[in-house]
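Report on the following structure.
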Amino acid sequence: VEMNGEPSAVRETRERIVREHMETESRHDFHATVATFSHPRYEIMPTGEVHDGPAQVAAILNESHIAFPDFRIETLALHHSDDAVIAEVQFHGTQTGAWRGLPATHRVVRYRMCNLFVFEGTNLVCERVYFDLLTVLRQVGIGRDPTSLAGRVATAFNHPIVVGRAFLRRLRSGSGRG
């Protein structure tokens, strides 16, 4: 039986690998997580980071564990494409360790992610991670919703030149110019 043009055996193997990957990551068995790749590679899309090779992938997993020692990943749905398995997941954790230069806030975070597991045949070659970084930053207590009063005040203080220029452009466009 074929689904989406791929033999069911390939689809089943890929799904088994993805499930094993996420289960070992939630158990914090990062050696086993790295072993699910034929060539370990993480691409963190919101930050533009690429972690290529076993040592770099293990390092980013360990960094997450230090910051969120109780983290777990809840699988919400899996979807298949010709060369990938797309996982809709929810990250759960408490930031009790330093994360990205931010000291522990002891805040609970829970946010959705879309993780693209890229395959060459049945070999996992990359996990490409998508999530809303502002949601995470708000949940750990350092980000503000830019549409809220607190967010607008913080933006004005943190970026006075950008805000000032935008304000002037708005005034000019309101007066019929440009």
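Coordinate-derived values only; no laboratory data. All of these numbers come straight from a predicted model, not from anything done at the bench. Backbone-built Cβ (ideal geometry, glycine too); neighbour counts: all protein chains shown.
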- Using only alpha carbon pairs under 8 Å that are at least six residues apart, calculate the relative contact order of the chain and give it in whole percent. 18
- First check a/c for segment 46-97, with a ≥ b ≥ c the square roots of the eigenvalues of its C-alpha gyration tensor; if it is under 1.5, answer rounded, and if not, answer prolate when a/b is larger than b/c or oblate otherwise. oblate
- Task: Please work out the Cα center distance from segment 69-128 to segment 4-45, rounded to the nearest Å.
- Result: 12
- Among VAL118, ILE161, ILE142, whose Cα sits farthest toward the positive end of the charge dipole of segment 27-169 (+1 at Cβ of Lys/Arg, -1 at Cβ of Asp/Glu, about the Cα centre)? ILE161
- Query: Binned at 10 Å from 0, what are the whole-percent values of the Cα-Cα distance distribution for segment 1-106, short to long?
  - Reply: 14, 40, 34, 10, 2, 0
- Dipole moment magnitude, nearest 20 debye, the chain about Cα centre, only Lys, Arg, Asp, Glu C-beta charged: 1580
- Largest-first ellipsoid semi-axes for the chain, taking √(5λ) over the Cα gyration tensor eigenvalues, angstrom: 38, 22, 14
- What are the residues whose amide H is under 5 Å from the amide H of SER81, where those residues sit 5 or more places off or on another chain and H is modelled from the backbone? ILE86
- Message: If I fit a long axis through the Cα atoms of helix 160-174 and take the longest principal axis of the Cα atoms of the chain, what angle between them do I get, 0 to 90°, rounded to 10?
- Response: 70
- Note on the structure: Helix 149-158 sits off the longest principal axis of the Cα atoms of the chain, rounded to the nearest 10 on a 0 to 90 degree scale, by 80
- Query: Who wins for biggest fluctuation among LEU124, LEU168, LEU116 in a Gaussian network model of the chain, springs between alpha carbons below 10 Å?
  - Reply: LEU168
- segment 1-76: relative contact order in percent, alpha carbon pairs under 8 Å with at least 6 residues between: 25
- Rounded, prolate or oblate: pick one for segment 82-156, where a ≥ b ≥ c are the square roots of the eigenvalues of its C-alpha gyration tensor, a/c under 1.5 means rounded, and failing that, prolate if a/b is larger than b/c, else oblate. prolate
- Against the longest principal axis of the chain, how steep is helix 54-67, in degrees 0 to 90 to the nearest 10, with axes from Cα atoms? 60
